[in-house]
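The values are calculated or read from the model by the stated rules, or taken from the named source; none is laboratory data. Because the structure is a prediction, the values reported are computed rather than measured. FYI the Cβ positions are ideal-geometry reconstructions off the backbone, even for glycines, and counts take in every protein chain you see. Protein only, heavy atoms only, side chains kept; ligands, DNA and RNA dropped before computing areas. Shrake-Rupley method; radii C 1.70, N 1.55, O 1.52, S 1.80 Å.
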Amino acid sequence: MFCPKCGAQNEDGAQVCASCGAPIQQPSTPAPGQVPGPVPTQSSGSSFTPSPISSGSSLGSLAGSLGGILPLARIIVGAVLVICFFLPMYGLYGLVDVSPLQMTFGVDVFGQHVDGSIKNLYYLIPGIVTLAATFLYQGREANIAPLLAGVLGLIFIFITLEDGVSILFGGWLFIIACIAGIAIGALQTFAGRK
């Protein structure tokens, strides 16, 4: 069950959100043997009047209105960050396109093997942290993880840039996923404090 205010996942039957403390209204169920009443419908002659949007809407209310979408978005961001490890991320001097996987285990360039470095596994860290936090934690830890993972990912990609190295599709996708992770983490963390 998800919190209607901040979107954090809670255990079924929870009375208050473990993340932000907001009360969670339990769905009403009819008593045994009782048939629920008819669902009211709009008559063809009446007009629909949308509820006004308050001018004082905040980041917290935005996160609350996104509800269950943000945890799903965290999973998507984490998966994209892991997938980017296998995609061509950098172009080296316009000669060869390499992925972090190739940078880890080495790559053949014009018949010569260029040794990799195990430290390039750090490109997996943001995706693994985001996915692990989503599935293992609830509340504040799960909200902060994509924010920190996104910042870490941006640091990783930009500290490896050198002269002659260009960012390719996988690199841009990695950057976009990091920024999305930062935005998701910020939204949920801010909503959890309200």
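Below is a table of values for the structure above.
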{"item": "Index of the failed condition, residue 66 passing every other in (1) open to solvent by 10 Å² or more (accessible area, probe 1.4 Å); (2) at pLDDT 80 or above", "result": "(2)"}
{"item": "Of all residues in region 174-184 being farther than 13 Å from residue 152 by Cβ and open to solvent by less than 40 Å² (accessible area, probe 1.4 Å), the one that is modelled with the lowest pLDDT", "result": "184"}
{"item": "Tally, over region 96-141, of residues that are at pLDDT below 80 and out of contact with any Gly (no Cβ under 9 Å at 6 or more places or on another chain)", "result": "7"}
{"item": "Scan of region 123-164 for residues that are surrounded by 16 or more Cβ atoms within 10 Å (Cβ to Cβ) and outside any helix (DSSP H, G or I), ordered by number", "result": "138, 139, 160"}
{"item": "Residue match in region 185-193 (condition: out of contact with any strand residue (DSSP E or B) (no Cβ under 6 Å at 6 or more places or on another chain) and either surrounded by fewer than 16 Cβ atoms within 10 Å (Cβ to Cβ) or of a type in the set (D, E, K, R) (or both))", "result": "yes"}
{"item": "Every pair of residues 6+ apart whose Cβ atoms lie under 8 Å, when the first sits in region 151-173 and is among the polar types (S, T, N, Q) while the second is assigned to a loop (DSSP other than H, G, I, E, B)", "result": "166/94"}
{"item": "Count of region 136-194 residues which are over 15 Å from residue 76 (Cβ atoms), among the hydrophobic types (A, V, I, L, M, F, W, C) and over 10 Å from the mean Cα position of the chain (by Cα)", "result": "21"}
